[in-house]
Structures are given as C-alpha cells and as structure tokens.
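Just below is one structure, and these are the notes that go with it.
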Amino acid sequence: MCAASRPVAGRDGLAVLDDEEIRRALSRIAHEILERTHGGDEVILLGIPTRGVPLAHRLAALIGEFEGREVPCGSLDITMHRDDLRLHPARALGRTDLPADGVDGKTVVLVDDVLYSGRTVRAALDALNDLGRPRAVQLAVLVDRGHRELPIRADYVGKNLPTSQREVVRVLLTEVDSHDAVLIGDSGGQS
Amino acid sequence: MKRHLISAADLTRADAVLILDTAEELAMLADRPIKKLPTLRGRTVVNLFYEDSTRTRISFEAAAKRLSADVINFSAKGSSVAKGESLKDTALTLEAMGADAVVIRHPASGAAHRLAEWVQGSVLNAGDGTHEHPTQALLDAFTIRRRLKGDGGGAAGRAGTRGAGLDGIRVTIVGDVLHSRVARSNVLLLSTLGAEVTLAAPPTLLPLAVGTWPCAVSYDLDTELPKSDVVMMLRVQQERMTAAYFPSVREYSRRYGLDAARMARLPEHAIVMHPGPMNRGVEIAAEVADSARSTIVEQVANGVTTRMAVLYLLLSGTEFPEVAQ
C-alpha cells in the first residue's frame, strides 16, 4: 500500500478511536479476559485474519505483562468456511496457526477487529469445530458496530459503535497499516 | 485466473504463485484430525479418464473430496465410449448431469481444449496426449519451492516461501521430452516462475520445435548435473513410441539414466524428482529413487494439496475474474 492511498482520518472518515484509546480498550479487554477466565488458565487467543491476528498478539502480550504468564496465541483462517464464497471471486487464503497443544479442552477466545453481521464468527466457529473440541469459546472484538444477522454476541467489546449500514468502519493497526486508528466513513458497503 | 486450466501457459506468474500459496495453507490440513473442508459442498467434479492413471485420478478424487465436492468417476473402459460414443456426446451427457468441473485425461493432444468449448463448467486438463499436464507442473513447482526455498514445511519455511517464485533455481529435465506432457508443462510453468530450465535428452527424443521453448537444450547429462538444483527424470514412454528412438534400453539407461554415481555429481542440496510411474532400472536406478534426495513420494502428497488449491480457486467463487486479496 503506497503512502498516498493509506487511509487517513479526515479524508477516509471520522476517527472514532485513536491509538491511545485502542491501547486502553485492549488493556481493559485483557483484564476482563483474566477476570472471566479466573487468571487465564488454559486460555488460547485465536485471531481471525487479517486484523484479528495482531490484536490477539497484543492481548497476549498485555496478559503476559499483567500476570507474568504466557498465553498461547495463534490465528484461525475462516475463508474456506465462509457462507458467501459463491458471491465473490475466489479469495486468497489466510493462515491458520494453532499453538502446539491444540484447542482440545481449552478456553478459546476468538479475536477480531469488527463485529458486524456475525457471519465471520459463525464461520470461525465452524472452522474451530474441525480443529478440535474446546471447553468453551468466547469472542473479543475491538469494535461492535451492530446489525447482527445471526444470534451471536461478543463477550469482550472494545467499543460499542452505533452505525448505519451505509457506513464503513475501518480498523487500522500499526502491524498492517502503519498506524493505529478506528475510522468511520460514509461510503460502500463493506464492514 | 482463467476459468479452465488447460495449459501451464495460461497461468501468469501471479496466478501460479497464488496457487502455490493456497496449496501451502492447505498442506496444513494433512496434520489435522479432520482433513476436510466444506468449501465445495454441493459442487460436482467429474473425473473423465480415457487413459489409465493411478495417481492423477486418485489425487484429483482425494482433492475434490477433501473440499466436500461430489465426485463422479468415469473411465472409458466399461462405459459407452467402448460402444463408440464420441467425446462430444459424453461431454454433453456430463453437462446435462450438472458437472461444475470436468477433469479430463485423454490420449489425444488438445482434447481438453475441445472439451472446454462444449461444457459450461471448468475444465481441468489432467494430461492430453503428449501436450500438457499442468497440475503435475504445479505440484512439481510446489515441491521445488518447499524443498529449496523453504525449510521443507516447518512454520518458518511456510512464512518464508509465501509469494516467492523459483528465481535462480536451475532445473534439468532429463529423458523422453518428445512424448512427455509433463516436460512441456514444467518448462512453461517453471520458466514463468523464474527458474532456469535445461532439457537433457538424446536428439531423437526432443520435439522439433524445442528451439521455441523457454529453455536450454543439452545432449549430455553429465555436464548438466553439477549445475543443477533439481533433476527431473522423465519416464521413457514406450507405449507411445512408434519408432526406434534409441538403439537399446540399456544404452539409453547408460547415457541418460540416473544412477548412484551420477547422483554423486549433483550439488549437496540438489533434489531428484520423477512424475511417476517409474521404470526402475531404466531412467532411474532403484537406489536413487529410494534415496533421501528423491522427492517422489512427497510429490504424490503435494499433488493432493496442489489440486485442492486449483479446484478451490477455479470453483469456489462466482465468475472467474481477478482474485480478491
């Protein structure tokens, strides 16, 4: 991505969260995960590509900082489980990287950037089902923008963001986009 | 990517790299308890085989089944083809049954191309006469990239090979190039990916137009071996030979067969490939075929993942314009 096309607050929408706010939201989520899982025992963080993966790594680092314990962290690609494959040209696959112990008997926390229709999470649950049998599955998202099309909710939410379906929410992360921000814009139809 | 896969020449470098990257992700499926994905549920893949084949047919069947497609196997023996049905009529029958993809192997060069004009679905060429066998070239490229550009399949190797071509890798293809669809597809694909390909064969076993191919030609295997990162041995296809192309099998084997002494002339890291089925003792000695440098079994395993990648990319989307990132 060249510098000129890089999404910037102002031109590509209104900044809803800046880098400091994202950092605070993530550290709150990290604390909540520790609280809800009684210290993060047997917890695995699985990020959904693309931007869920760096978020999962950040959460794992924060939990490491707070509790001094290593939380296994990986990625879960859901492309092959999507329900809209026939509506788009074939997509390139992302990476699935599981911690060495697998997911059996663990509490898996799925991590994604934006929760919208819930279809990505449904696909992630299906993908997870083929990888083993976790004891429990929870969901952490940076932004919940509403408009669910499936009975799915998040356990940990960075920010609830009321939106209209015409709006576009973009999460930018340093690891992928060179800076941190959550933008809300007014065109297109993607999440 | 195009809708069909008829020739390795149809693939741009970006297409080929996308297929290899997809295959790399799919390769991990082999380590999972459930080796199946729901992606092509409800799609039908027909294996239309007019020629004998073990690994290609089984490989396509396994690939389609791992993606949850329904597979119909059709072999010319025991079908209406034995009663004289033409390829076109068979194709129209398959069309009426709603095949989303047809995998065809046929003894006539160009059969896949003709078939693509008659059916709606995707056509995948699984070998047409002495013309092309593009999925074999793709799995060979995948094997070479894994072995020589990565660390053989570990997590670090996978990350390292993503997006990579085969730039700078020297590949020597040895033997019966004239009758080999594998050789033609490999020359086209490997050169697209940036490899330097040399054909080493007796003059009688090189096609007339070899000068127009994107590769070098040599008649002397021994001078090529020390410069090769990959040696690909071709099967001597005696069933297609209609004339005497070399004086005797023994002489061929002495000049162009890969035995242990010749293998010792290869660089330390070089690998030995063979598309199978092998004639042990003719183009490749048994001790070479079973050595650690030989990737022959690996090629079969990689065949399934590579064909899964191709089926996924051709069949999963709507129409077949540019691939979304």
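The values are calculated or read from the model by the stated rules, or taken from the named source; none is laboratory data. Since we're looking at a predicted model, the values are computed, not measured. Cβ coordinates were reconstructed from backbone atoms using ideal geometry, including for glycine residues, and neighbour counts include every protein chain displayed.
General observations
- Within this structure, A:Arg166 fails the test of being of a type in the set (Lys, Arg) and crowded, with 16+ Cβ neighbours inside 10 Å.
- Considering the conditions (1) surrounded by fewer than 20 Cβ atoms within 10 Å (Cβ to Cβ); (2) under 24 Å from B:Gly165 (Cβ atoms), B:Arg55 is excluded by exactly one of them, (2).
- Where a residue in segment B:303-325 is modelled with pLDDT of 70 or more and its partner, wherever it lies, is basic (Lys, Arg) and assigned to a loop (DSSP other than H, G, I, E, B), with Cβ under 8 Å and at least six apart: B:Leu314/B:Arg3; B:Leu315/B:Arg43
- In segment A:54-78, the residue that is nearest to the other protein chains (Cβ to nearest Cβ) out of those that are more than 22 Å from B:Leu26 (Cβ to Cβ) and acidic (Asp, Glu) is A:Glu70.
- A residue that is more than 14 Å from every other protein chain (Cβ to nearest Cβ), touching a His at 6+ places or on another chain (Cβ under 8 Å), in a loop (DSSP other than H, G, I, E, B) and not small (Gly, Ala, Ser) occurs nowhere in segment A:121-138.
- Among the residues of segment A:25-48, just one is assigned to a loop (DSSP other than H, G, I, E, B) and modelled with pLDDT of 95 or more, namely A:Ile48.
- Here is the figure for segment A:79-91: residues that are facing chain B (nearest Cβ under 7 Å) and either surrounded by fewer than 14 Cβ atoms within 10 Å (Cβ to Cβ) or in contact with a Cys (Cβ under 7 Å, 6 or more places away or on another chain) (or both) total 2.
- For segment B:185-201, the condition of being assigned to a helix (DSSP H, G or I), at pLDDT below 95 and either farther than 27 Å from A:Gly94 by Cα or not charged (D, E, K, R) (or both) holds for none of the residues.
- Residue-level analysis places A:Ser75 outside the set of residues that are small (Gly, Ala, Ser), more than 24 Å from A:Asp101 (Cβ to Cβ) and touching a helix residue (DSSP H, G or I) at 6+ places or on another chain (Cβ under 6 Å).
- Any hit, segment B:180-189, residues being farther than 28 Å from B:Ala286 by Cα and under 19 Å from the mean Cα position of the chain (by Cα): yes
- In segment A:169-187, the residue that is surrounded by the most Cβ atoms within 10 Å (Cβ to Cβ) out of those that are of a type outside the set (A, V, I, L, M) and closer than 30 Å to A:Glu42 by Cα is A:Asp180.
- Scanning segment B:228-244 for residues that are at pLDDT 95 or above and not small (Gly, Ala, Ser) returns B:Asp229, B:Val230, B:Val231, B:Met232, B:Met233, B:Leu234.
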